[in-house]
Amino acid sequence: MLKQWITSQPLTPQYKAQFPEIPEIVLQLLYNRNLNTQKEIDEFLYPDYSCHIHDPFLFKDMTKAVKRIFEAIDKNELIFVHGDYDADGVTSSVILVSTLKKLGAKHLDVFLPDREKDGYGINKNTVDVFIEAQAKLIISCDCGVSNVEEIKKAQEAKIDVIVTDHHNIPPTPPNAYAIIHPKIPGETYPDKTLCGAGVAFKLAQALLRTKKLIDTENSKDLESFEKWLIDLVALASVADMVPLLGESRTLTKYGLIVLNKTKRLGLKNLIEIAGLNKKSQGTLDTHDIGFQITPRINAAGRMKHANTAFQLLITEDTDEAIELARELNSNNIARQKETEQMINEGRKYIEETKQNGANIYFVIQDNWPIGLVGLIASKLYNQYYRPVLVMTKKDNKIHGSGRSIEEINIMEKMVILKDHFEKYGGHPQACGFTLKDATKLEDMQNAMRKLVDEEIKSKDITPKLAIDAEVRLDQINWELYDLLDKFAPFGQNNPTPKYLTRKVKVSSFDGVGNNGKHLRLLVKQDSNMSHKMIGFSFGDEKTVGKNWCQILKPGDELDIVFEISVNEWNGERELQKKIIDLRFAE
């Protein structure tokens, strides 16, 4: 699909004058990120764990929550940690369970829901299990804030519930014992965009720091334990695509340092089985998390049960760590194959139901795995650049997942149409739901279509490609790369910088990789210096709309949007210019 290229506003003379010592390309990137003071720039480029991590007791319910947890530990009450089945929920659970064990909790259990049987969040059947087990305290992580009735049932059974969550808040929040949530009404905690594991970590941090005041002899050990948790926060922050700014940026920056030397046996084996151990020491980054580690962790909950991923991250047994890493890798391979088949079926469904050109697409199939519908929605929304709801019908129940474009807040629509859903939740661009009545599917679709059609009328929904700066290829060198590397970790709200270069002349090209689907270019720009560029999937018409390997010829002039990265091969490192989009120069 043709994208609209949007180049950032150029630097103002005043901004240039304010920071004369910073190279212009670097300054442009800072300007694009609205970093307007030296203090903001320093915090962004040089995040400091000792300065830029907030006091966990700034959460209004934190003191209350910490006191109740220590009371439960002292009385040897049964504590259940209730997590979720995705990477954020699993890492949150590992953070809290391992912390509670460190603090001496002996009567402790964890519950991760089955995506198919239990669905998202706390349900009433699970509460019955907790009641039967005679639990006295439930701590939710990455879920709970939307479970009003379920928490009421637990509280009525004399089970206190502490909610740690970051998802959308219902009009009336649950009446829990304590709620640790950065966006709950009345909350003054400074960082509003922590992921679920980030919120769970703040609770763990508060517990560990309270213990340090009591157990001064072991204060260094407790401080060290706290920092070894943040590899999990980094994993979850990337996996859940929270903005990598402010505290989340600092936690992810330091979390990557921990990840590169992690003590977790399962994570070490997962990194090795993904082939990431071949990278230079200390160079695992957010791309590796997002495309290699997270999919394997998520594969547990998508294909079987999230307990496998939980056990992988918490085990201290070498043999078990190896076996679990292999199992998750196998699950991921199976997930990839099944996903590809479902994507093709989804495209076919859209064509057969004549939805092409609609403002929102609906796909429904019988007995599709619930754990995969979100992935299918994501792939289809990327292809069509429209909101997509993908649903599966199982046992007369319809479960679904949605992904939406930036211009349309899908969760806002879900709230308006809440009477159609038995349960729902999510974010502005991603949602999950179960229909209240499967026979009313068409009513929900019509109502949702009407809301989206009405909003889209007034909006330009051409996909946009944001470009940080226009450059010449001879400006790209290792010195510049080292400066730009300070912008890492890259992620939501701090994407990998994209550059535009104009009128490059094609010297040669070829298709490489599987079936020649990747485009390798050799180009020149106003000099005899040759520059290599690579465009992944630019030889695949289905993916990018054109097979550039078939339409290019030597001498063509192109405008190219690209990213700078490092390619490692056989111990050698070279700067790589990765094509993001291209078009013939005007």
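For the reader, a short list of remarks on this structure follows.
- Breaking point among (1) surrounded by fewer than 24 Cβ atoms within 10 Å (Cβ to Cβ); (2) of a type in the set (D, E, K, R); (3) within 21 Å of the chain's Cα centre (by Cα), for R296: (1)
- Residue match in the range 17-40 (condition: in contact with a helix residue (DSSP H, G or I) (Cβ under 6 Å, 6 or more places away or on another chain), in contact (Cβ under 8 Å) with a residue 24 or more places away in the chain and aromatic (F, W, Y)): no
- Residue within the range 306-314 that is outside the structural domain of L441 (by TED's automatic domain parsing), surrounded by 20 or more Cβ atoms within 10 Å (Cβ to Cβ) and in a loop (DSSP other than H, G, I, E, B) present: yes
- With a requirement of 3 or more residues that are closer than 23 Å to N168 by Cα and polar (S, T, N, Q), none of the strands (runs of 3 or more DSSP E) lying completely within the range 371-443 satisfies it.
- No other residue among G119, G104 is modelled with pLDDT of 95 or more and either in the same structural domain as V415 (by TED's automatic domain parsing) or assigned to a loop (DSSP other than H, G, I, E, B) (or both) apart from G104.
- Set side by side, the residues E345, E320 differ, and just one is surrounded by fewer than 20 Cβ atoms within 10 Å (Cβ to Cβ), at pLDDT 95 or above, over 23 Å from K542 (Cβ atoms) and of a type outside the set (G, A, S), which is E320.
- Checking each residue in the range 459-486 for being farther than 30 Å from T250 by Cα and assigned to a loop (DSSP other than H, G, I, E, B) picks out K459, D460, I461, T462, P463, R472.
- One residue from D118, D142, D165, D191 being farther than 21 Å from M411 by Cβ and either over 20 Å from the mean Cα position of the chain (by Cα) or of a type in the set (D, E) (or both): D118
- Where G535 falls short, out of the listed (1) loosely packed, with under 14 Cβ neighbours inside 10 Å; (2) among the small types (G, A, S); (3) closer than 30 Å to V242 by Cβ: (1)
- Test: residue in the range 240-248 that is part of a helix (DSSP H, G or I), outside the structural domain of A87 (by TED's automatic domain parsing), surrounded by fewer than 24 Cβ atoms within 10 Å (Cβ to Cβ) and of a type outside the set (K, R): yes
- Filtered residue count, the range 134-161, keeping only those that are surrounded by fewer than 18 Cβ atoms within 10 Å (Cβ to Cβ), basic (K, R) and assigned to a loop (DSSP other than H, G, I, E, B): 1
- Condition check for D510 on (1) more than 30 Å from G246 (Cα to Cα); (2) in contact with a His (Cβ under 8 Å, 6 or more places away or on another chain): one failure, at (2).
- From the options I79, I69, I122, I95, residue that is farther than 26 Å from T434 by Cβ and in contact with a Cys (Cβ under 8 Å, 6 or more places away or on another chain): I95
- Of the residues making up the range 251-284, those that are touching a residue at least 60 places away in the same chain (Cβ under 8 Å) and either surrounded by 23 or more Cβ atoms within 10 Å (Cβ to Cβ) or in the same structural domain as N493 (by TED's automatic domain parsing) (or both) are L251, T252, L256.
- For the range 162-181, the set of residues classified as polar (S, T, N, Q) and buried (at least 20 other Cβ atoms within 10 Å of the Cβ) consists of T164 only.
- Taking (1) modelled with pLDDT under 90; (2) over 30 Å from the mean Cα position of the chain (by Cα) in turn, L552 satisfies each apart from (1).
The values are calculated or read from the model by the stated rules, or taken from the named source; none is laboratory data. Keep in mind the model is a prediction, meaning the values are calculated, not measured. In this analysis, Cβ positions are derived from the backbone assuming ideal geometry, glycine residues included, and neighbour counts consider all displayed protein chains.
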